[in-house]
Amino acid sequence: MTQHIAQVAIDIPLARLFDYRTIEAEPGDIGRRVIVPFGKGRAEGLQVGILVALVAPGEHDAVAPEATLKPLHSIDRDLAPLPADLINLARFAANYYQFPLGATLLGFLPPALRQLRFRLPPPPAYRLTEAGRQHIATLKPNARAQQTLAARLNEGAQAREALKPFNAHLTRWLREGWVEGCLPRADHTPTIAPPLTDEQEATLTALRQSHGFGIHLIHGITGSGKTEVYLQRSADIIAAGQQVLILVPEIHLTPQFTERILHRFPNQHIVLLHSLLADGERLAAWMSCLTGKADIVLGTRLALFAPLARLGLIVVDEEHDTSYKQGEGLRYSARDLAIWRARQTNAQILLGSATPSLETWHNARRGRYPLHTLAARAIRGAALPEIRLIDTRTDRPRQGLSRTLTEAIEAGLKRGEQSLIFINRRGYAPALVCNACQHIVDCPRCTAHQVLHRGSQGNRLLCHHCGHEQPAPSTCPNCGSHDLRAGGQGTQRVEETLAERFPGARILRVDRDSTRRKGEFAAMREAIQRHEVDLIVGTQILAKGHDFPDLTQVGIIGADHALQAPDFRASERLFAQLMQVSGRAGRAEKPGTVWIQTDWPQHPLFVALRHHDYAGFAQHTLRERRESGLPPFMHLAILRAEAAHMTSAIAFLETAKACLPSPASVTLFDPVAALITRIAHHERAQLLVQSTHREALQAYLKLWTPLLRTLPTRGVRWSLDVDPTEF
Ligand code: ADP
Ligand code: ZN
Ligand code: ZN
């Protein structure tokens, strides 16, 4: 045993590793969870860390002299070490997003493993071992309970729950090695792959011919069979003994996707990993990755950090989706890090979308990513919906609905078909307005209007930014007038209007408020599928990958609001959203129609949409972006600051700007107030940093961030966002 210096990552806001003396640690321990003493004097306590490197004494770049280093407390050898590629990924991410390495790496772990003590969850099922089979043969006939237990296990793996009555015996059998933990038997009826369309075939052939790392864009309209390509490529990879990681934006909104994977691979170990799992479930899922049992990991952005030592394929479905970007802490883009991880591990990566992000599209057009196009719907005879624009300057909506749309809904009802009214605003109305003085009631804590909601406790005003809630006032807080009105449309109000106009119709509202409780969303989805409702009012919750056979019409209202949003990505997001929700209209036998209400029917976005022309839209938008110096032609970072007063936030940013002059290739703008100036009493400001060269921006940030950390904050909270998705 030789003395080493252990370099340990700990979850504290300092951007460095911590050194400990150890004679116990060996190179094979790198990546293991360790416990270390931390803090001084009476504040000293134990911390969970990850052993990141071991160096010989004298070789470490000493922060403290060796003799003063504390000894490592313990090494957790019950768990396998993290694979090296994950530690490298953490190093890269910490470096790129300017976030402390310790917080980055520990953030990869499930919450349970960040605690000093944790309990491994028991296996979900048990099965007989070979020794167990031999033991059974020797059981005495009068050992009734054991005979029954043996009989059950002889049939195959048994769920832990089912074996509860035998717990006493089970404990002994486990100790003796007669049974072992395993997965429950899959009861998914296997599905077989359909014969591929020509486009799918061509894509799959190309993917099979490309070995090892490669970034592939699969651009396919809704229903073109992208998922089928993922599944068949996954089958190849699993057959080759490797693992597959599939990322989706929001797993609970796409249960059909999960079902399809489970049924296609009934004999494979499939792990779900996302933030809605309870701590124990998440730990169990993560452990089956760490122990190498998982064949497929399906999850949201955080699943990217699953420890997979045999990774062969990463799929990023709906790669354009903004939920791949984490908005706090390590502000990472899961898509971008997935590409980095794939390169590291020599895995293939598939980016799939009907409306790729402009960054990805730009890369594909420049030949950086092979582009595979699926232009036709996979099911024979299924056409794309017809998209029709309703000019609301002439056909003025009443209560949100134009005459054309109302008639279309009516006709749909007569045909016995379902219609979806898509409006991306929940609540009754986005504003409570005074008719006498035009005052709009704002949130007392934010610079934002409060949204009117109807509920069992009457009318309430809710702030969608900070959650502040209060009963709706009956008089104007500004002039005292009683003459208040709801301004604009929300899902609740549209639901009310539909009920008035179509008294016989069965109406369902699907938004975040109506699906808050567990199971509600699934129940609503089924009700739509079984045609127990006629009209559906819904937000983007419903936009994604659901198959509703009788839904033939989609009416879109309020799209103009999104078009006017100041965010430069607003039109990109709107186009993606409208394409996606349009995909809900019409499936195999019944053609669909999409109605869009707008004041600007000539707008290039709607014109492109009408022709299902993503490429045209992208070309147009990319030209605009190039002309205005925006991503992907410009690389951005934003330094954000929050304080009780705007002056302190701005002052901090001024100091930040002055503390390191930028080279000519990097531009620092003047600090400005954020779009929403105040949220929950915090005033917000920001400073934009940009460069036409990613490397130049990165080089600057690398020097700048350490300086920022030394600035006096005086009550200012700041954060840096590299490649921001909004500002
Ligand atoms: P996407 O992921 O592009 O939206 P999917 O893979 O979900 O497309 O396919 C859309 C529908 O077409 C699904 O119902 C799927 O089962 C079906 N499908 C996919 N590929 C084929 C095929 N080759 N033959 C017949 N049906 C297919
Ligand atoms: Zn008033
Ligand atoms: Zn608020």
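The values are calculated or read from the model by the stated rules, or taken from the named source; none is laboratory data. Since we're looking at a predicted model, the values are computed, not measured. Because the Cβ atoms are built from the backbone with ideal geometry, glycine has one as well, and the counts that use them run over all protein chains shown. For the accessible areas, the whole protein counts, side chains as well, though only heavy atoms, and no ligand, DNA or RNA atoms are used. Shrake-Rupley method; radii C 1.70, N 1.55, O 1.52, S 1.80 Å.
For segment 536-577, the tally of residues that are of a type in the set (A, V, I, L, M, F, W, C) and free of Cβ contacts under 8 Å to residues at least 12 places away in the same chain stands at 2. Candidates are the residues of segment 448-459 that are assigned to a loop (DSSP other than H, G, I, E, B) and open to solvent by 60 Å² or more (accessible area, probe 1.4 Å); the one that is farthest from ligand 1 (Cβ to nearest atom) is Gln457. Among residues of segment 462-479 that are among the aliphatic types (A, V, I, L, M), those with a beta-carbon under 9 Å from a residue that is near ligand 2 (Cβ under 10 Å from one of its atoms) at least six positions away or on a different chain give the pairs Ala472/Val441; Ala472/Leu484. Annotation note: Cβ proximity below 6 Å between a residue of segment 380-404 that is in contact (Cβ under 8 Å) with a residue 60 or more places away in the chain and a residue that is within 16 Å of ligand 1 (Cβ to nearest atom) and open to solvent by 20 Å² or more (accessible area, probe 1.4 Å) (sequence gap 6+ or interchain) occurs for Ala382/Ala588; Ala383/Pro591; Leu384/His612. Checked against the criteria, Phe727 counts as more than 29 Å from Arg16 (Cβ to Cβ) and among the aromatic types (Phe, Trp, Tyr).
The residues in segment 369-388 that are surrounded by fewer than 21 Cβ atoms within 10 Å (Cβ to Cβ), closer than 23 Å to Phe548 by Cα and away from ligand 1 (no atom under 16 Å from the Cβ) can be counted, and the count is 2.
Every listed requirement among (1) within 16 Å of ligand 1 (Cβ to nearest atom); (2) in contact with a Phe, Trp or Tyr (Cβ under 7 Å, 6 or more places away or on another chain) is met by Leu163 save one, (1). Restricting to segment 435-447, name every residue that is within 25 Å of Glu683 (Cα to Cα) and either more than 11 Å from ligand 2 (Cβ to nearest atom) or surrounded by fewer than 17 Cβ atoms within 10 Å (Cβ to Cβ) (or both). Within segment 435-447, His439, Ile440, Asp442, Cys443, Pro444, Arg445, Cys446, Thr447 qualify. In summary, strands (runs of 3 or more DSSP E) completely within segment 354-434 and bearing 1 or more residues that are more than 16 Å from ligand 2 (Cβ to nearest atom) occur at 371-374, 386-391, 418-422. The residues of segment 339-353 include none that are in a loop (DSSP other than H, G, I, E, B), surrounded by fewer than 24 Cβ atoms within 10 Å (Cβ to Cβ) and in contact with a strand residue (DSSP E or B) (Cβ under 7 Å, 6 or more places away or on another chain). I need the full set of residues from segment 706-718 which are within 26 Å of the chain's Cα centre (by Cα) and surrounded by 15 or more Cβ atoms within 10 Å (Cβ to Cβ), in order please. Trp718, the sole residue that qualifies. Annotation note: Cβ proximity below 7 Å between a residue of segment 626-644 that is within 18 Å of Arg331 (Cβ to Cβ) and at pLDDT 95 or above and a residue that is open to solvent by 40 Å² or more (accessible area, probe 1.4 Å) and hydrophobic (A, V, I, L, M, F, W, C) (sequence gap 6+ or interchain) occurs for Ile638/Phe727; Leu639/Trp718; Arg640/Trp718; Ala641/Trp718. Within segment 531-563, the set of residues being charged (D, E, K, R), under 25 Å from the mean Cα position of the chain (by Cα) and either surrounded by fewer than 20 Cβ atoms within 10 Å (Cβ to Cβ) or within 16 Å of ligand 2 (Cβ to nearest atom) (or both) comprises just one member, Asp547. Checked against (1) of a type in the set (D, E, K, R); (2) closer than 27 Å to Cys182 by Cβ; (3) at pLDDT 90 or above, Glu259 passes all but a single condition, namely (3).
Summed over segment 438-458, residues that are more than 16 Å from ligand 3 (Cβ to nearest atom) and over 33 Å from the mean Cα position of the chain (by Cα) total 4.
Conditions tested, residue by residue: (1) among the acidic types (Asp, Glu); (2) loosely packed, with under 13 Cβ neighbours inside 10 Å.
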{"residue": "His645", "(1), (2)": "no, yes"}
{"residue": "Lys657", "(1), (2)": "no, no"}
{"residue": "Ser665", "(1), (2)": "no, no"}
{"residue": "Gln686", "(1), (2)": "no, no"}
{"residue": "Glu695", "(1), (2)": "yes, yes"}
{"residue": "Gln698", "(1), (2)": "no, no"}
{"residue": "Val722", "(1), (2)": "no, no"}
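Among the residues of segment 158-175, those that are among the hydrophobic types (A, V, I, L, M, F, W, C) and assigned to a helix (DSSP H, G or I) comprise Ala162, Leu163, Phe166, Ala168, Leu170, Trp173, Leu174. The sole residue among Leu82, Leu105, Leu113 that is in a loop (DSSP other than H, G, I, E, B) and open to solvent by less than 40 Å² (accessible area, probe 1.4 Å) is Leu82. Within segment 176-228, the set of residues being assigned to a loop (DSSP other than H, G, I, E, B), without any contact (Cβ under 8 Å) to a residue 24 or more places away in the chain and either in contact with a Gly (Cβ under 8 Å, 6 or more places away or on another chain) or near ligand 1 (Cβ under 9 Å from one of its atoms) (or both) comprises just one member, Pro195. How many of the residues in segment 662-705 are more than 29 Å from the chain's Cα centre (by Cα), closer than 22 Å to Glu642 by Cα and at pLDDT below 95? Qualifying residue count, segment 662-705: 0. Screening Ala364, Ala342, Ala338 for residues that are farther than 20 Å from Gln209 by Cα and either in contact with a Leu (Cβ under 7 Å, 6 or more places away or on another chain) or more than 16 Å from ligand 3 (Cβ to nearest atom) (or both) leaves exactly one candidate, Ala338.
Residues in segment 669-684 that are under 21 Å from Leu630 (Cβ atoms), among the aliphatic types (A, V, I, L, M) and open to solvent by 30 Å² or more (accessible area, probe 1.4 Å): Val672, Ala673, Leu675, Ile676. Scan segment 624-636 and tell me whether some residue there is in contact with a helix residue (DSSP H, G or I) (Cβ under 7 Å, 6 or more places away or on another chain), open to solvent by less than 40 Å² (accessible area, probe 1.4 Å) and under 30 Å from Gln553 (Cα atoms). There is no residue in segment 624-636 that is in contact with a helix residue (DSSP H, G or I) (Cβ under 7 Å, 6 or more places away or on another chain), open to solvent by less than 40 Å² (accessible area, probe 1.4 Å) and under 30 Å from Gln553 (Cα atoms).
Within segment 462-484, the set of residues being within 16 Å of ligand 3 (Cβ to nearest atom) and outside any loop (DSSP other than H, G, I, E, B) comprises Leu462, Glu469, Gln470, Pro471.
Every condition in (1) open to solvent by less than 20 Å² (accessible area, probe 1.4 Å); (2) more than 37 Å from the chain's Cα centre (by Cα); (3) of a type in the set (Lys, Arg) is met by Arg33 except one, and the failing one is (2). The number of residues in segment 269-292 being under 25 Å from Arg208 (Cα atoms), touching a helix residue (DSSP H, G or I) at 6+ places or on another chain (Cβ under 9 Å) and surrounded by fewer than 19 Cβ atoms within 10 Å (Cβ to Cβ) comes to 1. Within segment 505-529, the set of residues being under 23 Å from Glu417 (Cβ atoms) and free of Cβ contacts under 8 Å to residues at least 40 places away in the same chain comprises Arg506, Ile507, Leu508, Arg509, Val510, Ser514, Ala523, Met524, Glu526, Ala527, Gln529. So is Gly41 surrounded by 14 or more Cβ atoms within 10 Å (Cβ to Cβ) and at positive phi or not? The answer is no for Gly41.
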